[in-house]
Structures are given as structure tokens and as C-alpha cells.
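Okay, so here's the structure we're looking at.
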Amino acid sequence: MACEGESTEPDYLLYLQARFGSGGDDWPPFRIQPVYKKNGLKPEEVVDAVKDKAAEDEAWALFDRDQHTKIPQAVNEAAASGVEMCFSHPSFDLWLLLHFQAFGGGQSGRGDVVIEKLRAADPAFQKFDKRNDKSVKGPRAEALKGKANKAITHAKSLLAQCEHGACKPSQAKIVKPRRNADGVVVARPGPKPPHQWAARSGHAPDCPVLGRDPSTDVWRLLVSLGIKEKEGD
């Protein structure tokens, strides 16, 4: 799984691995290997990186809207190679916030409001993104525990609220790659036309990716892994 960021996304993926990777009553074991780079990657570079590293494994690309200019190119490359996308608008920080509360309202690619609300959502995040600290370790990781189902529910609600009007969580595609008897991936989904690939998130095929404001597809990753968690778990 390749990440745009050098800290927040890799930390979160390692948190998922540590908390859920050994499997549970409702999900099988899994292994996550974050691919990232110091000072981060651009969306199109994220897709290229995971294509190079995934080899015979499931491939996911995590990237944000921010102010990037080549997101359509990243979507095209992901569709052509069967790389699953976790696109967040305005940023991955929205996914963290959804663990604590619902959210709504267009952000035009700016994450200021999301970060402000995340800082207020839990004491562990009070200094998030201050002094260049966007880590998700220690108390911050602890604060996320028991809230995965809540985050998934809130992310799905953003789909239903999309201004396009025809976007629905029920339309999302969760398709596992085909594996042989040894568990090795023998075929990934795709390739598909870019508009169809981007619609795997539940957004309508003609809903512009850059217009999905706010939204995050990270919930599809958790559902794909089979993760289920509620308060008290």
C-alpha cells in the first residue's frame, strides 16, 4: 500500500496491522506493507510506487486532493493497472476525524477546518500538525481504538450527501483479487475505464473525482480487510 504522506498514512496503516493484522473472529489475518518516501509523494507517484512494489500482492494507493494538479492522471494509471484507490478530499486527516464525529461541507482542497476539528475532537490530537507533527502513534493511535465502525459509517454518509445526487454507499465495489491455493495474487481487478474505476468508491460514474468534496474512500480498505470494530472492542 503506497501513501502520499510520509507520516500520517504510514503510521495509520501500521496501526491497522498491529491492531487487526493477526485476525479476529470476523476477519482473517492480513499483512500491510506501507510504501512511502521522505517528504511525501504526489498522487501519480503513489500509484507508480505501489505498482513497482506490490508485485504479487494486493495494491492500494492512498492520496489526497490537497492542491495537486495530476489527480486525473493518477486515477487513469490506477484504472489501467488495477490499483485500488483511497482518495480523500481534502486530506487523509478527514478519515481520522470521522473516527470521532460526522463532517460535512465543501473544503475546496483545504484541510484547515478538518485539522481544527480533529484537534478539538480528542486531547491526543490537540497538537496535531503543530511543529510538523502529524504522527499517528502512541496516544493518538490509542484514541482511534474502538471507533473503526463509526468512521466507516460517517464516511458512507458523506457519499450519500454528495452534491452529485446519485452517489450511494451501496454502489461501492469491494472485490478481492484472485489468489491461488498458496494465497498468492494471480489476478487483480481491472483494467477498467477511469470513470468506472473511480466509481468503485460508490460515487456515480459521472461524478467528477475532484468534485467529491468532502469525501474519503479509506473505509473501503477496512471493509476489504474485513475489519469490524465498535466502542468497547
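The values are calculated or read from the model by the stated rules, or taken from the named source; none is laboratory data. Keep in mind the model is a prediction, meaning the values are calculated, not measured. Cβ coordinates were reconstructed from backbone atoms using ideal geometry, including for glycine residues, and neighbour counts include every protein chain displayed. Keep in mind that these areas ignore ligands, DNA and RNA; they rest on the heavy atoms of the full protein, side chains included. Shrake-Rupley method; radii C 1.70, N 1.55, O 1.52, S 1.80 Å.
Any chance you could check the Cα centroid distance between the range 14-50 and the range 71-139 for me, in angstrom?
Using only Cα atoms, the two centres lie 16 Å from each other.
Looking at the chain, what % of its DSSP beta bridges pair antiparallel, to the nearest 5?
The antiparallel fraction comes to roughly 40 percent.
Which aspartates and glutamates, if any, have their Cα less than 20 Å from the Cα of Lys127, not counting same-chain residues under 8 positions apart?
Glu6, Glu9, Asp11, Asp93, Asp112, Glu116, Glu142
Compare the peptides 162-168, 139-145 by average per-residue count of other Cβ atoms within 10 angstrom and give them in order, highest first.
For the peptides 162-168, 139-145, the packing ranking is 139-145, 162-168.
Once phi is turned into ³J(HN,Hα) by the Karplus curve 6.51 cos²θ - 1.76 cosθ + 1.60 with θ = phi - 60°, what whole-Hz value does each residue of the range 98-106 show in order, with x for glycine and proline?
5, 5, 10, 7, 6, 8, x, x, x
Take the solvent-accessible surface of the protein heavy atoms, probe 1.4 Å, and return the percent of it on the range 1-74 that carbon and sulfur atoms account for.
44 percent
With every protein chain left in place, what is the accessible area per residue of the chain in square angstrom, probe 1.4 Å?
Per residue, the chain has an accessible area of 47 Å².
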